[in-house]
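Working notes, beginning with the structure itself.
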Amino acid sequence: MRKFKNSAALTFAICSLFVFANCFDLGESSKSDNQNVLALVAVAGLNPIAGNYNYYNGTSDYAGGTYTAPGNEIVGTYNISLSLVSQTMFDATYGNSYLYGEIQEIDTNKKVIYVRFRGDSSFSQGNYSWYRWTVKDGKTYVCPDLSGVSSQTTLASAKADDLDFYSDPSDINAGCGLNSGFDPAPWSRLETQN
């Protein structure tokens, strides 16, 4: 038993060191899309997109739309930790909206975080949802679930959603919220807060 504990501790230390070293890789490559790094991060129990961000609509040259600001205007914030996704959506007309999703599961293969919204969220309290992410041209983008969160009362129902049916990572400016009853929306571009 003692040999097993020592072996487990050594394996954990080596994995932690590898993950720690990759966290400080210089340049945009620190948000590596490499599946091996993401798998090691998942094994270590870390969230690969954790951080505090301002978010923008789509790519930086996105022109905007009837209900969406252009890609050079901050439209909200994401604060993503190991246990919570906090999203603030700015709205000067009606007031800001807030979502606090307690992380239930992270699937690094599908690049999705499954959450359950807390009671102090502006809407969808107690329901389950997902946030899908992708990395394109060195930038991280997130697509929140717009598929019918009000009917997702279990983690299993959120996980049953066909991510590709509701979001298309190849179309950053119009690939979020597909087939949801809303007009297709841009993915949210995350930029680290200064």
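The values are calculated or read from the model by the stated rules, or taken from the named source; none is laboratory data. Predicted, not measured: the structure shown is a model, and the values here were computed from it. Neighbour counts run over all protein chains shown; Cβ positions are idealised from the backbone, glycine included. For accessibility, only protein heavy atoms count, side chains too; no ligands or nucleic acids. Shrake-Rupley method; radii C 1.70, N 1.55, O 1.52, S 1.80 Å.
Structural remarks
- Note on segment 48-192: Rg/Rh from C-alpha atoms, Kirkwood Rh, equals 0.92.
- Between residue 91 and residue 194, the contour length at 0.36 nm per residue exceeds the alpha carbon distance by 34.9 nm.
- Here's the picture: charge each Lys and Arg Cβ at +1 and each Asp and Glu Cβ at -1 in segment 56-194, and of 117, 67, 104 the one pushed furthest to the positive end of that dipole is 104.
- When the residues 120, 91 are ordered by accessible surface, computed with a 1.4 Å probe over the protein chains alone, the sequence from largest down reads 120, 91.
- Using Cβ point charges alone (K and R +1, D and E -1), the dipole size of segment 48-192 about the Cα centre works out to roughly 280 debye.
- Annotation: extensible slack from residue 157 through residue 102 equals 18.2 nm (criterion: 0.36 nm per residue apart, minus Cα-Cα distance).
- Proportion of all alpha-carbon pairs of segment 140-194 beyond 12 Å (%): 64 percent
- Separation of alpha-carbon centers, segment 56-89 and segment 141-182, rounded to whole Å: 16 Å
- Accessible area, probe 1.4 Å, largest first, for residues 137, 145, 162: 137, 162, 145
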